[in-house]
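Input: one structure, supplied below.
Since every read-out is calculated from the coordinates, none of them should be taken as a lab result. What you are looking at is a predicted structure, and each value in this text was computed from that prediction instead of being measured. Positions of Cβ are backbone-derived with ideal geometry, glycine not excepted, and every protein chain shown enters the neighbour counts.
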Amino acid sequence: MSKPKLIVIGNGMAGIRTVEELLLLAPHHYDITVFGAEPHPNYNRILLSPVLAGEQTFDQIVLNTVDWYAENHITLHMGKAITQIDRIRRVVVADDGSETPYDRLLLATGSTPVILPIPGKDLNGVLSYRDIYDTDTMIHAAKTKQTAVVIGGGLLGLEAANGLMLRGMAVTVVHLGHWLLDRQLDVAAGKLLEKSLRERGLTFLLGQSTAAIIGNAAGDVCGVRFSDGTEIATDLVVMAVGIRPNTQLALAAGLHCKNGIVVSDALQTYDPRIYAVGECVNHRGTAYGLVAPLFEMAKVAANHLALMGYGQYQGSILSTKLKVTGIDLFSAGDFMGSDEAEEIVLSDPAGGVYKKLVIKDDKLIGACLYGDTLDAAWYFKLLRDGRNISDLRDHLMFGESSVGDAGVAGQSRVSGMQDKDEVCGCNGVCKGTIVKAINEQGLFTVDDVKKHTKAASSCGSCTGLVEQILMNTLGTHFQETPKTKAVCGCTDHTHAQVRQSIKQHHLLNHAQVYEFMDWRTPNGCATCRPAVNYYLLSTWPHESVDDPQSRFVNERVHANIQKDGTFSVIPQMKGGVTNASELRRIADVADKYAVPLLKVTGGQRIDLLGIKKEDLVNVWADLGMQSGHAYGKSIRTVKTCVGSEFCRFGTQNSTQMGIDLETMLANMWSPHKVKLAVSGCPRNCAESGIKDVGVIAVESGWELYVGGNGGIKTEVAQFFCKVKTADEVKEYSGAFLQLYREEAYYLDRTVHYIARVGLDYVKAKVVEDAANRQALFERLLYSLDGLRDPWAERIAGKAKREFIPIKVIA
Amino acid sequence: MNMKANPSWISVCHIDEIPMLGSRVVEHPSGNIAVFRTANDTVFALLDHCPHKGGPLSQGIVHGESVTCPLHSWNIDLKTGQARAPDQGCARRFPSKLEEGQVFLSL
Ligand SMILES: Cc1cc2nc3c(=O)[nH]c(=O)nc-3n(C[C@H](O)[C@H](O)[C@H](O)COP(=O)(O)OP(=O)(O)OC[C@H]3O[C@@H](n4cnc5c(N)ncnc54)[C@H](O)[C@@H]3O)c2cc1C
Ligand code: HEM
Ligand code: SF4
Ligand code: FES
């Protein structure tokens, strides 16, 4: 089947960013063709100023190399402008006369510099500042000419002037306004800026309007005349008086334009097949001239091009920075202030620092900073969020570091975090996203936050941070997660009650549980079903029925799902010990199935990544190894160090101890993953201190530690007991794990379980009560007895359909 | 030609070949299709592509008339393909029917 054709006109920042976003969402949906008038791949236009200033080279600012287009199967036409869009025949016509058909069209033609309609504008040596060609022309001119006039004291003009000056020219900036950057700064900050630019060697003519550019007989620029009749001599004129959305093509094609191509919140033009993004568009009456809005637009346009159809662009609030090295200024929002608004001003002209914050209705609505922009991002976020700042008021001017720390040790971590800092690494959720959801959607509990933001909903290690954020954001409204909360929305019963009923009433399958405990849903949900499944299995081993449909995909197919829907295969390698034959088979499998990535895991074994689901069973058969259970709420690995057999420090055979433990615990399901380690001496190379059960050998025996884990919140394992023999290591650690299996709530790691019941309780049950310890140990062995390796079962034909897709002969 | 006015049903498998509260993948050149079976033997078909980041919905946990995506746990309504609140998005759905135990899709 041939794919629909997407044509992008404009090989610039907005167009290509949209393509990148689109490739993330629907990599294979379109045949993509890009036309760009410039003879270059996409580069970072905002870095032209550092190139002009000699701080960077063109190669350094290229964003997408020609190879990138090829790798993504994008047809790229550089140096080819589109001259016509034929919307009836759905083709675009290029300047070489060629025609290309489209199904969807993306206009990203950017903007064109405004050229003042004054005499002399076409003379040699009159330039604008928009692309790399202009930049190169200026760099070249600076080599042979001495003086330059830049018309326009805005961002672009000042960056051009600064660059030309650094290239050795004497530069005069002519500006109509009465202070520099009059659209971005108030008069006080503008004057400070002027002072420091004068000190650097620039000359300014403010409040001056240019009447004509004067040329010589050869048609070259030689001077500029102002409306008051005065003149100055110059070899070069750069016009930087503004930009205009480039709508030529769209207008000619009959698309509605009004200071830009008019688009909806979906970035769609009046022709539904045509989208537009970037500086060429007008959205809700605004045409933007900075990149941040373009990136937001790109996300939304891509969402619609990928046929997802729910993204919405609602406009952007802008902030400004000037990229002149050594000058720090920032402004955002309504920084000029008005009669209804209040201003807080800090002015230190001698120190070159000026700060103005504009506040209205207890909200920050504008900021203008000069000389000290450290807190710019913080102010910008307060402004965008429209947060009530009455509580911060007294400290606002002194910046973020002066507020937030309520003096509670645990909280300072969160308040020190910026909104853009990531809280949940698994789902990429930032602090700002969470705070926003809490405020806007009225969230009160960690569960609410999980549901609305996905934070803390995968591995859960950031739950503590999320709790702190809730606390900081809600203050006294925060409700600590009740320790006895219901399993999920399907029931009011707690984990403890579900477990208790299963045990007391001898419930053996899901239907019985849901019925007996009055579940509100017919068959639970993705939260309670796996929990109930575990409680059934752990309470009634060999009696209850495991329900594969109640297991997360990884435990159902015995491999780890990856983001592209392929799987990883990690065979068991007890204690991290392997041999030539296993390695040879792994290598053969890697060749036979063209495995994209072979990786040594942190659990001392080998991961084969990128296996297709339908190949899993064959891969397992060819490997001839057992499942490493690297995908389950189950025993994972027992990490070991070299130990006494080889290591000069080793006191016991830690490697063999690890192998024995891993053999004993094979196929063990548990409330959460369980990791062990055995080190041969207190140097602890196997990192026993951060494992659920960590064993450290000493001259006189073995020390056992419990309740450790790595992660965002690293938990150091606590000393449990010391034993003499290898058999005791097995019995004590087995009994501890069985207690955890019987009593912990689903998805509690050992550290959470111990925190709930207390280490003394665990010690009393396992260390001090020998009879109980032996009983626990026996129950563990009974549960594990006769369990078969899940891979072997599937090689023998179990759950065959799971792995075979249905083919339709149409 | 309007496909909807004249649906052409294709037989894909017997219902017993789909696990109850589970799914099978039907391979199709323009994207795999996930066929789901609920507890009361209703079948639904969605493009096997989560509206969030394209996760394979066929690999998710089926409950009631929803499936939970295996990648980031969005809940998708099997009947409409719509993501349940607070998430937003829609997976393409295909008409399906069950006749004498045989599952038919209209593609
Ligand atoms: C010197 C300079 C400094 C800047 N500094 C900053 C800054 O610090 N911060 C900031 O946020 N923004 C800055 N900007 C603005 C920023 O670069 C633009 O907002 C951004 O590049 C606009 O992206 P775009 O894709 O809309 O347009 P562009 O990047 O201009 O891309 C449009 C492309 O389309 C091509 N094109 C036009 N018509 C056709 C056609 N008919 N056929 C084929 N191709 C066509 C053009 O040649 C161009 O390559 C700066 C701009 C300049 C010039
Ligand atoms: C924070 C939440 C975490 C999540 C969601 C998570 C998830 C995973 C996943 C999915 C895998 C399997 C990779 C694959 O097969 O494709 C894995 C493996 C592994 N993880 Fe984590 N992990 C987390 C935290 C940690 C921490 C804190 C550590 C150690 C400090 C860790 C150590 C390992 C190791 C060593 C492996 C390889 C396991 C093996 O060989 O069996 N993980 N983890
Ligand atoms: S490497 Fe493993 S633990 Fe880390 S993010 Fe990837 S899957 Fe998760
Ligand atoms: S891809 Fe389905 S929830 Fe993210």
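Work from the charge dipole of the protein assembly as shown (Cβ charges, +1 for Lys and Arg, -1 for Asp and Glu, about the Cα centre) and give the residue of B:28, A:654, A:473 farthest towards its positive end.
My answer, from the dipole projection, is B:28.
Also, quick follow-up: Just the number, please: Stokes-Einstein D of region A:652-709 in µm²/s, Kirkwood Rh from C-alpha pairs, 10 °C, 1.306 mPa s.
After rounding, the answer is 138 µm²/s.
Need the C-alpha centroid separation for region A:659-673 versus region A:202-217, integer Å.
Value for the Cα centre distance between the two parts: 82 Å.
Oh, and also: Just tell me how shielded B:14-23 is by partners: mean number of partner chain Cβ atoms within 10 Å of each residue's Cβ, no decimals. Don't skip to the end; give the middle numbers.
Working: counts 0, 0, 1, 3, 2, 7, 3, 9, 5, 2.
Mean number of neighbouring Cβ atoms from other chains: 3.
Over the Cα atoms of region A:261-405, what is the Rg over Rh ratio if Rh follows Kirkwood?
Rg/Rh for region A:261-405 comes to 1.07.
Per residue of B:62-71, how many C-beta atoms from partner chains lie within 10 Å of its own C-beta, taken as a mean?
Mean number of neighbouring Cβ atoms from other chains: 5.
Considering only C-alpha atoms, what is the centroid distance from region A:578-608 to region A:515-532, in Å?
39 Å
Then there is this: How tilted is helix A:463-474 with respect to the longest principal axis of chain A? Cα atoms for both, answer in degrees (0 to 90, nearest 10).
The helix A:463-474 is inclined about 50 degrees to chain A.
Kindly express, to the nearest 10 degrees and within the range 0 to 90, the angle between helix A:580-592's C-alpha long axis and the longest C-alpha principal axis of chain A.
Value to nearest ten degrees: 50.
What does the C-alpha gyration tensor say about the overall shape of region A:105-204? Classify as rounded when a/c is under 1.5, otherwise prolate if a/b is larger than b/c, or oblate.
oblate
By its C-alpha gyration tensor, with a ≥ b ≥ c as the square roots of the eigenvalues, how is region A:327-374 shaped: rounded for a/c under 1.5, else prolate for a/b larger than b/c, else oblate?
Prolate.
Order of A:75, A:247 from fewest to most other C-beta atoms within 10 Å? Don't jump to the answer; show the numbers that get you there.
Numbers: A:75 14, A:247 25.
Going from sparsest to densest Cβ surroundings: A:75, A:247.
Hey, another quick one. As a footprinting exposure proxy, order A:514, A:782 by other Cβ within 10 Å, with the fewest listed first. Could the numbers behind the result be given before it?
Numbers: A:514 21, A:782 12.
Starting with the residue having the fewest Cβ neighbours, the order is A:782, A:514.
In deg cm²/dmol, rounded to 500, what helix-only [θ] at 222 nm does chain A give when every DSSP H run of at least 4 residues adds -39500 (n - 2.57) and the total is split over its residues? Present the calculation step by step, with values, prior to reporting the outcome.
On the way: 27 runs with 255 residues, N = 810.
Per the formula, -9000 deg cm²/dmol.
Take peptide A:16-28, look around each residue's Cβ out to 10 angstrom, count Cβ atoms belonging to other protein chains, and average those counts.
Average neighbour count from other chains, rounded to a whole number: 1.
Right, something else. What does the C-alpha gyration tensor say about the overall shape of region B:49-92? Classify as rounded when a/c is under 1.5, otherwise prolate if a/b is larger than b/c, or oblate.
rounded
Give the order of A:368, A:721 when sorted by the count of other beta carbons within 10 angstrom, beginning with the fewest.
A:721, A:368
Something else: On alpha carbon coordinates alone, what is the Rg over Rh value for the protein assembly as shown, Rh being the Kirkwood radius?
That ratio is 1.04, to two decimals.
Now for a different question. Which angle between 0 and 90 degrees, to the nearest 10, do you get for helix A:132-144 versus the longest principal axis of chain A when only C-alpha atoms count?
Result, in degrees: 50.
Another question, then. Where nothing but the Cβ of Lys and Arg (+1) and of Asp and Glu (-1) is charged, how large is the charge dipole of region A:1-146 around its Cα centre, in debye to the nearest 20? Could you put the intermediate results ahead of the total?
Values: 13 positive and 17 negative charges, 79 e Å.
Approximately 380 debye in magnitude.
Also: Using 7 Å Cα-to-Cβ label points, what is the residue A:143/residue A:564 separation (nm, one decimal)?
4.6 nm
Calculated FRET efficiency, residue B:106 and residue A:307, Cβ-Cβ r, R0 22 Å, to nearest 0.05?
It comes out at approximately 0.70.
I'd like the distance between the alpha-carbon centres of region A:246-261 and region A:334-395, rounded to an integer number of Å.
38 Å
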